[in-house]
Amino acid sequence: MSSEHKLTNKELRKIFWRSCQLDASWNYERQQNLGYSYAMLPAVKKIYSGDSKKAKSALKRGLDFMAITPQISTLLMGINAAMDERNAKNDEFDESSIAAVKTSLMGPLAGIGDSLIAGTLRIIATGIAIGFAQQGNLLGPLLFLLIYNVPGFIIRYYGLKYGYRYGAYFITNAEKTGLMDKITYAASIVGLTAIGGMISQYIVFDVSKIKIGAGKFAQPLNTYLDMIMPKLIPLLIFLLIYWIVGKKVKTSALLIWTVVVCIGGAFIISLI
């Protein structure tokens, strides 16, 4: 760490590990604010060690509303710490700019994080894990934990490192040049592609007991539907669920009705 920075690797490690508890005290009013303030505490103590007034102000700012992808949160924490250092060194520094930058970057970073981590990485990890788990292979859950968490910890580490080193400079310029939007768009494409691949593999509606034709020429309904389009039924089920979600139906109600319909359908088919 360069001499112009006050935080050492010791404080950065504390912030890193504390960031893993960001959602531990999640609340409906300000969501991750308590976890964020807890993670920033080592930095606040070190940076404002001789100024209790500014330290209290920094802790109060940390309790503002916070909603961000946990794995991306360290980038914002690093930027926050870098700005706090400037505030500690310069009495004329505008403290309100720290909260303003944090608020303005929270949304774009959450968008990128949700697309990259929740919308892409988690789905890919789940898809691979389910493939092994369906065969009774213990590699299923282990691969999910590794595929999902290893990249997540790498993002946390380098996000904190470079966020603190370069402050708000890179992110601010990335927003101005439109790089943020491009990254979000690209991550969304990858995530939707992964979801599309999972539809054909993991949505199952077995109608093989329903046969079309007579005698030895009778064929399962699936055979004729696959001639029209492979995996047509899973696609239609997905489109139906997607249409229902668009009608603002509560997810909990949709899940319950899906379970009821599946149980009822399985019972009816068992009678055939």
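Residues are listed down the side, and each one gets a yes or a no for (1) over 18 Å from residue 158 (Cα atoms); (2) open to solvent by 70 Å² or more (accessible area, probe 1.4 Å):
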position: 27; (1), (2): yes, no
position: 33; (1), (2): yes, no
position: 40; (1), (2): no, no
position: 47; (1), (2): yes, no
position: 58; (1), (2): yes, no
position: 68; (1), (2): no, no
position: 111; (1), (2): yes, no
position: 114; (1), (2): no, yes
position: 119; (1), (2): yes, no
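Of the conditions (1) touching a helix residue (DSSP H, G or I) at 6+ places or on another chain (Cβ under 9 Å); (2) surrounded by fewer than 18 Cβ atoms within 10 Å (Cβ to Cβ), residue 106 clears all except one; give me its number.
Failing condition for residue 106: (2).
Which of the residues spanning the stretch 204-222 are within 39 Å of the chain's Cα centre (by Cα) and either among the small types (Gly, Ala, Ser) or open to solvent by less than 50 Å² (accessible area, probe 1.4 Å) (or both)?
207, 208, 222
Run residue 36 past the list (1) more than 16 Å from residue 7 (Cα to Cα); (2) part of a helix (DSSP H, G or I); (3) modelled with pLDDT under 90 and report the number of the one that doesn't hold.
Condition (3) is where residue 36 drops out.
Listed here are the residues, each with its yes/no results for (1) among the aromatic types (Phe, Trp, Tyr); (2) free of Cβ contacts under 8 Å to residues at least 40 places away in the same chain; (3) under 13 Å from residue 73 (Cβ atoms).
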position: 17; (1), (2), (3): yes, yes, yes
position: 23; (1), (2), (3): no, no, yes
position: 29; (1), (2), (3): no, yes, no
position: 41; (1), (2), (3): no, yes, no
position: 44; (1), (2), (3): no, no, no
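Pick from 242, 164, 224, 185: which is at pLDDT 75 or above, closer than 30 Å to residue 82 by Cβ and either touching a Gly at 6+ places or on another chain (Cβ under 8 Å) or part of a helix (DSSP H, G or I) (or both)?
164
Please go through the stretch 152-167 and give me each residue that is in contact with a Pro (Cβ under 9 Å, 6 or more places away or on another chain) and open to solvent by 60 Å² or more (accessible area, probe 1.4 Å), ordered by number. Steps first, answer last, please.
We begin by selecting, within the stretch 152-167, every residue in contact with a Pro (Cβ under 9 Å, 6 or more places away or on another chain); these are 152, 156.
Within the stretch 152-167, none qualify.
Criterion first (among the polar types (S, T, N, Q), open to solvent by 60 Å² or more (accessible area, probe 1.4 Å) and farther than 17 Å from residue 167 by Cβ) does residue 21 satisfy it? Spell out how you get there, then give the answer.
Working: among the polar types (S, T, N, Q): yes; open to solvent by 60 Å² or more (accessible area, probe 1.4 Å): yes; farther than 17 Å from residue 167 by Cβ: yes.
In short, yes.
I'd like to check something: does the stretch 233-256 contain any residue that is open to solvent by less than 80 Å² (accessible area, probe 1.4 Å), closer than 28 Å to residue 131 by Cα and in contact with a Pro (Cβ under 6 Å, 6 or more places away or on another chain)?
no
Taking the stretch 1-15 as the search range and keeping residues that are touching a helix residue (DSSP H, G or I) at 6+ places or on another chain (Cβ under 7 Å) and not in a loop (DSSP other than H, G, I, E, B), which one is farthest from residue 72 (Cα to Cα)?
Going through the qualifying residues, I end up with 11.
I need the full set of residues from the stretch 71-85 which are open to solvent by 10 Å² or more (accessible area, probe 1.4 Å) and in contact with a Ser or Thr (Cβ under 9 Å, 6 or more places away or on another chain), in order please.
71, 83
Okay, residues lined up against (1) of a type outside the set (Asp, Glu); (2) under 26 Å from residue 24 (Cβ atoms); (3) without any contact (Cβ under 8 Å) to a residue 60 or more places away in the chain; (4) in contact with a strand residue (DSSP E or B) (Cβ under 9 Å, 6 or more places away or on another chain):
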residue	(1), (2), (3), (4)
65	yes, yes, yes, yes
100	yes, no, yes, no
112	yes, yes, no, no
136	yes, no, yes, no
141	yes, yes, yes, no
150	yes, yes, yes, no
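Quick check on the stretch 133-151: of everything there that is among the hydrophobic types (A, V, I, L, M, F, W, C) and open to solvent by less than 70 Å² (accessible area, probe 1.4 Å), which residue is farthest from residue 70 (Cα to Cα)?
133
The values are calculated or read from the model by the stated rules, or taken from the named source; none is laboratory data. What you are looking at is a predicted structure, and each value in this text was computed from that prediction instead of being measured. Note that we place each Cβ from the backbone using ideal geometry, even for glycine, and neighbour counts take in every protein chain shown. Note: accessible area is taken over every heavy atom of the protein model, side chains too, but ligands, DNA and RNA are not part of it. Shrake-Rupley method; radii C 1.70, N 1.55, O 1.52, S 1.80 Å.
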